[in-house]
Amino acid sequence: MKKNGRLHYFTAGEFAKLCNVNKQTLFYYDKIGLFSPEIVADSGYRFYSYEQLEVFTGISVLKEMDMPLNDIKTFLENRNPQNLLELLETKQKEAQIKIERLSYLKKYLATKSEIVLESMNASEDSVLYVTLPEEYYIFSEYLGNPEIGEITTAFIEHLNYCHSFGIFSPYPVSGIVKTDNIPGPEVYGYARIYTRIFNKIDIPHIAIKPAGTYAVIYHKGGFRSAYKSYQQLVADVRCKGYNLGDFFYEDTMLDELAMRGYNNYTLKISVQCINKN
């Protein structure tokens, strides 16, 4: 660090270290006319002043906020208190949007982790009885045939419907089967395609999975043999003296993101248990 009157000057290496960047960043900013050293000695050495630290910090923050370097340069060339105030207010609003987006992404990733852990720890040989809170889901009625091609098309259309409202749920697209149509060895179809969402929202096709006692069974082995787990679930519920609710909820837990091929997927099949009067 060199001194000249009241000002303290730093070499490029010292200034870069203070700003937690490499010297090449300083050289590049100088090359494009964004941020230049206060002094360039005859020897070619560059020196930066203490007063320039605030400007460089501002550039770094604006760059972190995805402001293009050319726009930062334009601002600096025309800087004044009013322009700075307007820029700061704009970036505060953008920062809030980023915070909300990152908060949602954190929740999304945490929920995905919970789904995977639940699937990994699940036993497929037993029926569990759990008390679940009220849940919300967005659905599409399914009127097609049970062929996999038509169901896949319906899943894609349902996803597009969700995305049209800006809904990107961590819960996989899944199916609902009416309990008056218990799956057997033949291919079975869905009454609805649905996606669970975090909160109730005011758009069409939002439904409630009611709170209550649910019988749950995990099926590991994909869709073709899932009817066996459906039948085991129904037999157990009836043995316990319950009536079946209106729907089976078939949630795809481990899908193509975790496993390769339909036959390796893990399904979570649940049905509400209704006390007999």
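For the chain, find the longest principal axis of its Cα atoms and tell me its angle to the long axis of helix 226-239, 0 to 90°, nearest 10.
Roughly 60 degrees between the two axes.
Counting other C-beta atoms within 10 Å, and keeping those with at most 16, which DSSP coil GluC sites (Glu not before Pro) do you find in segment 15-105?
Sparse-neighbourhood loop GluC sites (Glu not before Pro): Glu38, Glu51.
Counting alpha carbon pairs within less than 8 Å and at least 6 residues apart, what relative contact order, in whole percent, applies to segment 131-207?
51 percent
Among Leu233, Leu18, Leu105, Leu53, what's the order by accessible area (1.4 angstrom probe), most exposed first?
Reading off the accessible areas and sorting them downward yields Leu18, Leu105, Leu53, Leu233.
Computed from the mean reciprocal separation of all distinct C-alpha pairs, what Kirkwood hydrodynamic radius does segment 1-104 have, in Å?
When all Cα pairs of segment 1-104 are included, the Kirkwood radius is 15.2 Å.
Taking a temperature of 25 °C and a viscosity of 0.890 mPa s, what whole-number D in µm²/s does Stokes-Einstein yield for the chain with Rh from Kirkwood over alpha carbon pairs?
Once the numbers are plugged in, D ends up at 104 µm²/s.
If you look at just the Cα atoms of segment 110-180, how large are its Rg and its Dmax in Å?
In Å, with Rg to one decimal and Dmax whole: 14.9, 39.
Over the chain, what is the relative contact order in whole percent, taking alpha-carbon pairs under 8 Å and six or more residues apart?
About 16 percent, as a whole number.
What's the longest bit of the chain with no exposed chymotrypsin sites (Phe, Trp or Tyr not before Pro), using DSSP loop states and at most 15 other Cβ atoms within 10 Å as the test?
51-164
Ratio to report: Rg/Rh of segment 69-126, with Cα atoms as the point set and Rh obtained by the Kirkwood method; give two decimals.
Across segment 69-126, the Cα-based Rg/Rh ratio is 1.46.
Angle between the Cα long axis of helix 52-64 and the longest principal axis of the chain, 0 to 90 degrees, nearest 10?
20 degrees
Run lengths n ≥ 4 of DSSP H only: what is the helix-derived mean residue ellipticity at 222 nm for the chain, with -39500 (n - 2.57) per run over all residues, to the nearest 500?
Mean residue ellipticity at 222 nm (helix-derived): -13500 deg cm²/dmol.
Can you give me the Rg/Rh ratio for segment 44-194, using Cα atoms for both radii and the Kirkwood formula for Rh?
Radius of gyration over Kirkwood radius for segment 44-194 works out to 1.24.
Express in Å², to the nearest 10, the accessible area of Glu147 obtained by rolling a 1.4 Å probe over the protein heavy atoms while all chains stay in place.
Using a 1.4 Å probe on the heavy atoms, I get roughly 100 Å².
Excluding ligands, DNA and RNA, what is the solvent-accessible area per residue of segment 1-102 at a probe of 1.4 Å, expressed in Å²?
That works out to 72 Å² for each residue.
Put Lys112, Lys220, Lys228, Lys106 in order of accessible area, largest first, 1.4 Å probe: what do you get?
My answer, sorted largest first, is Lys106, Lys228, Lys220, Lys112.
Relative to the longest principal Cα axis of the chain, at what angle does helix 148-164 sit, 0 to 90 degrees, rounded to 10?
Roughly 40 degrees, rounded to the nearest 10.
The values are calculated or read from the model by the stated rules, or taken from the named source; none is laboratory data. Please read these numbers as outputs of a predicted model, since none were measured by experiment. Counting neighbours? That spans all protein chains shown, and the Cβs are built from the backbone with ideal geometry, glycine included. Side chains included, ligands, DNA and RNA excluded: accessible areas come from the protein's heavy atoms. Shrake-Rupley method; radii C 1.70, N 1.55, O 1.52, S 1.80 Å.
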